[in-house]
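**Q** Please read through the structure below; I'll follow up with questions.
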Amino acid sequence: MSWLAGRGKDRERLAALAGEASADAAVAMESAASVATIEPDSGDDEGRQPPPPPAPPDLTAAAFFDVDNTMMIGASIFHFARGLAARKYFTTSDLAGFAWQQVKFRVGGRESKQGVQSSREQALSFVAGRTVEEMVAIGEEIYDELMADKIWAGTRALAQLHLDAGQRVWLVTATPVELAAIIARRLGLTGALGTVAENVDGVYTGRLVGDLLHGRAKAHAVRALAAREGLNLKRCTAYSDSQNDVPMLSVVGTAVAVNPDAGLRETARERGWEIRDFRTGRKAAKIGVPSVLGAGALAGAVAAGLAYRRRAA
């Protein structure tokens, strides 16, 4: 019993470490992106219509979206692996292993612990010795080639509701944080929490910081980011398709099951969570602001915006 308890504590320690590292990376990337998007005024605005004023910032509420089968059809790491295989980064047999995990994921709608561990080992094998800069550049190309047309329009619309209410929106995924950040940026979201692979002087070592951002690690990451960003988790919303993400869904005030697997569908019904299903043959989900943003969220956004203005004045 003590040995099993020790293993459990070690897994929890690694999950917490992964969550903390992911939150640190997300904050750093968000800050870097904010600086990069500040451009000098060209002065050539004659004839242009001014953009509509943004919603007042809601500083204490946010939304967290799982990626695989929630925001994107299929597994993002598999699409990434396909792109790498096309560029001869690894062999056809390696890709076959990814493909088998993808088939099980698409058919069963859930990830297994063995599958996650296999993906972890495969991911480390092909990034070790590569530079972060190289992987990011390739990730940009692969997103355009293999991912851009696999975004669930319904889920993207849900994310936009939060953005329109002045809330920040983060992806939360086991996918490497650099790739997750690319997906988030292309979708116009705030940023991403993802698996952090260790690098030294910009070169991947083949080791993870903690573990994959999966299961309980996602909940740790959301809590850690909330602490850094001053979020009230009771005013936050999380979305996922997988029973594995119940820990993350349970730490926020509003949980929504999107394209849920059988386990999550059952849990959602038991706990009274909202269910949205955008898959063919499922009942269509209407996009409703009150249910998605949670009770009082819009009023909270206005209050937060006024507080922000007073603080900035």
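Nothing in this text is a laboratory measurement; each read-out follows from the coordinates by a stated rule. Everything numeric here is computed off the predicted structure, so don't read it as measured data. Counting neighbours? That spans all protein chains shown, and the Cβs are built from the backbone with ideal geometry, glycine included.
**Q** Tell me the label-point distance for the pair E141, Y89, using the 7 Å Cα-to-Cβ offset, in nm and rounded to one decimal.
**A** Inter-label distance under the simple model: 1.0 nm.
**Q** Where does each of S31, S242 land when they are ranked from fewest to most other beta-carbon atoms within 10 angstrom?
**A** The order, fewest Cβ neighbours first, is S31, S242.
**Q** So if I place +1 on the C-beta of Lys and Arg and -1 on the C-beta of Asp and Glu, and nothing else carries charge, what would the dipole magnitude of the stretch 213-264 be about its Cα centre? I want it in debye, nearest 20.
**A** It works out to roughly 300 debye.
**Q** Can I ask one more? What full-extension length gain, to one decimal in nm, is calculated for R186 and T280 as 0.36 nm per residue of separation minus the Cα-Cα distance?
**A** 31.3 nm
**Q** At a Förster distance of 30 Å, what's the computed FRET efficiency of R156 paired with V132, Cβ-Cβ distance as r, to 0.05?
**A** In this case the efficiency is close to 0.65.
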